[in-house]
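Bear in mind these aren't lab numbers, they're just calculated from the coordinates by the rules spelled out. The model shown is predicted, which means the values in this text are computed figures rather than measured ones. So basically every Cβ, Gly included, is an ideal-geometry build from the backbone, and we count neighbours across all protein chains shown.
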Amino acid sequence: MMYAPEIVNTIDTLNTTVRVDTVDRDKAQQAWPVAENFMPDFRLPSTEMEAVQTSDYHNLRSLVLVFVGEHTTRTPPDLLSELARHYTHIARESAEVLVVVRGTPIEAARFKRCADLPFPVLADEDGQVHRKYGAMAADGRSVSEAVYVTGRFGKVYLSSRASDGPPLPRAQGILSWLYFIASKCPQCGLHEPFCSW
């Protein structure tokens, strides 16, 4: 069947528009925090059976968020043990580490106990927070680890996801970011832009 050139061009344009819209929609659904953006708030139960909300730290502490699975076998256990060793330095920089485990509160408590972690461990039972933060593999079921470092007002300074390819940062790199963020304190006259969670 032959079509007039105008009709062919219109069909091609419609097909391209549909493809672009689909790609944009997929990107929007898979959007996660990146450097220079602000971290969306979340609330999860901790291993101490109380809810922890990231906005509880607003204007008080920078955050290091580490997303892992219950049975993770890659970099994060090494990273977590390094962060545990440097925890006093982290606290001195007015920062807190929150580990988000893909699992039930009981599994998260077992993870914290086995890894001997001094900082809060949160349970993401249904994986919604892992998905929101780009810490799920393409299959949507398995965990792909991620690390974020934010300032006291929620601004993201470091965004690193294992699925992006490069290895996750080591504790020394994270500490460098925390030193940098602390150097921008209001007492120094240089402060982060105010952000409402």
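Any idea how far apart Arg131 and Ser55 come out in nm if each label point goes 7 Å out from Cα toward Cβ?
2.2
Quickly rank 94-100, 168-174 as a protection proxy: mean count of other C-beta atoms within 10 Å, highest first.
For the peptides 94-100, 168-174, the packing ranking is 94-100, 168-174.
Grab the other residues whose beta carbon is less than 12 angstrom from that of Leu175, score K and R as +1, D and E as -1, and report the net.
Summing Lys and Arg as +1 and Asp and Glu as -1 gives +1.
How are the C-alpha pair distances of the range 43-188 spread across 10 Å bins, as whole percents from the shortest bin up?
12, 45, 36, 6, 0
List the residues whose amide H sits under 5 Å from the amide H of Ala146, counting only those 5 or more places along or on another chain, with H placed 1.01 Å from N in the peptide plane.
Those lying under 5 Å, H to H, from Ala146 are Phe67, Ala162.
Per-residue HN-Hα couplings for the range 79-86, Karplus 6.51 cos²θ - 1.76 cosθ + 1.60 at θ = phi - 60°, whole Hz, x for Gly and Pro?
4, 5, 5, 5, 5, 5, 5, 9
Using amide H atoms built in the peptide plane, which far-off residues or other-chain residues are under 5 Å from Glu96 H to H?
Ser62, Leu63, Val64
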